[in-house]
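One structure is given here, and the rest of the page talks about it.
Read-outs: derived from the displayed coordinates by stated rules, not from any lab. Please read all numbers here as calculations on a predicted model, not as lab measurements. Cβ: placed from backbone, ideal geometry, glycine included. Neighbour counts: every protein chain shown.
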Amino acid sequence: MTLRLGTRGSPLALKQAEMVRDALIAAHGWDSGAVEIVTISTKGDRDRVRPLTEMGGKAVWTKELDRALLAGETDISVHSMKDVESIRPEGLGIAAMLERADVRDKLIGAASLDDLPDGAVIGTASPRRVAQVKGLRPGLRTDLLRGNIATRIAAVENGKFDATLLASAGLDRMDQGHVGHHVELDVMLPAPAQGAIGIDARSDDAATRAALAAINHVDTFDCVMAERAFVAGLNGDCHSPVAALAQLDGDHLHLSVEIYSEDGSDRLQDKISLDRSDTETPKQLARDMLAAAPDSIKKLFG
């Protein structure tokens, strides 16, 4: 029997699908044809011009993959976890995650934000990055830049933008780790679940979920689920101006979170410690922060 793995068709998505395929084959001693990669076109891939918030937000990367999985056309789906909406459709659920990669952003086009002159334009489609950049450097400008890694790097090299920000994990996976300069965590906290690859499966498919358990990196899973719980408590999604990072310390997690207004002029931040399996405390933290937030932030969530 062949396990059918659904994925988007971008170069990075295919690379991540291959990582999951190879991990399953290695864990179970399967032959090379035991996992079939099924490429599925998503709305986010077909329309690379409009802002994601105008295209339906949450499910722009996942809706078609979810449909195929629920219809039995595929057996699992592979996602960049930072692109997965916080509430999964009924009948599906994240069953496993590979070990997380570097969670930091990288700046392409300059050694640091401080090295960019006032008026420089940073290309990004991320509301989090927009808010963080404007909060740190109000004199910088941002403009919409979407596309795969190569497209965004080329936009800087061709002079269309002065700089852009990309996830370090994606650059590393595409053998582009030499490109750009890391932005440290005390400067820009990453998106929730950044650097993590997740595998979705049908909730009632016990055999597949058992097979996936063999490649699940528990430490990554627990950290990412805490970050996702915080986003769920905000009623936010992967296109909300929110940052979160959980780091493991024994059986406890240290969770750092930030929420922003669109222009970064308002920011709330907090840090808590919690048991690694606790997903209720992050949700309550999110509700408490929203209750104390100015209207510039409140209006972006819920």
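Database remark: amide H of Val242 closer than 5 angstrom to the amide H of Arg128 (H placed geometrically; neighbours at sequence offset of 5 or more, or on other chains; Pro and chain starts carry no H). In this structure the amide hydrogen of Val35, modeled in the peptide plane, comes within under 5 Å of the amide hydrogens of Leu3, none closer than 5 places in sequence on its chain. Cα centroid separation, segment 246-302 to segment 76-117: 17 Å. Antiparallel beta bridges, as assigned by DSSP with both residues in the chain, represent about 75 percent of the total such bridges. Phi angles across segment 24-32 convert, under the Karplus curve 6.51 cos²θ - 1.76 cosθ + 1.60 with θ = phi - 60°, into 3J(HN,Hα) values of 5, 4, 5, 5, 10, x, 6, 7, 5 Hz, Gly and Pro given as x.
Classify segment 218-302 as rounded, prolate or oblate, taking a ≥ b ≥ c as the square roots of the eigenvalues of its Cα gyration tensor: rounded when a/c is under 1.5, otherwise prolate if a/b is larger than b/c and oblate if not. Prolate is the answer for segment 218-302, as a/c is 1.5 or above and a/b outweighs b/c.
Computed over neighbours whose Cβ is under 10 Å from that of Val183, the net charge equals 0, Lys and Arg +1, Asp and Glu -1. With the highest mean first, a sort of the peptides 121-128, 183-190, 202-209, 11-18 on other beta-carbon atoms found within 10 angstrom per residue produces 121-128, 11-18, 183-190, 202-209.
So how do Ser296, Ser261, Ser80 line up by other beta-carbon neighbours within 10 Å, fewest first?
Working: Ser296 13, Ser261 21, Ser80 24.
Result, fewest neighbours first: Ser296, Ser261, Ser80.
The alpha carbons of segment 105-183 stretch over 33, 22, 21 Å along the principal axes, in descending order. Each listed q (0.08, 0.12 Å⁻¹) maps to a log10 I(q)/I(0) for the chain from the Debye sum over equal C-alpha point scatterers, namely -0.34, -0.78. Note on His28 and Asp251: the model spin-label points, each 7 Å out from Cα along the C-beta direction, lie 3.2 nm apart.
Using a Förster radius of 30 Å, what is the FRET efficiency between Ala154 and Arg287 based on their Cβ-Cβ separation? Nearest 0.05, please. List each step's numbers first, then the result.
Details: r = 42 Å, r/R0 = 1.41.
So, using R0 = 30 Å, E works out to roughly 0.10.
Placing R0 at 41 angstrom, the Cβ-Cβ distance between Ala71 and Glu280 gives a FRET efficiency of 0.80 after rounding to 0.05.
Rounded to the nearest 20, the Cβ-based charge dipole of segment 218-302 about its Cα centre (Lys and Arg +1, Asp and Glu -1) stands at 240 debye. Karplus-based coupling profile of segment 173-189, in residue order and whole Hz: 5, 9, 6, 10, x, 7, 8, x, 10, 4, 9, 5, 5, 7, 9, 9, 6, with θ = phi - 60° in 6.51 cos²θ - 1.76 cosθ + 1.60 and x standing for Gly or Pro.
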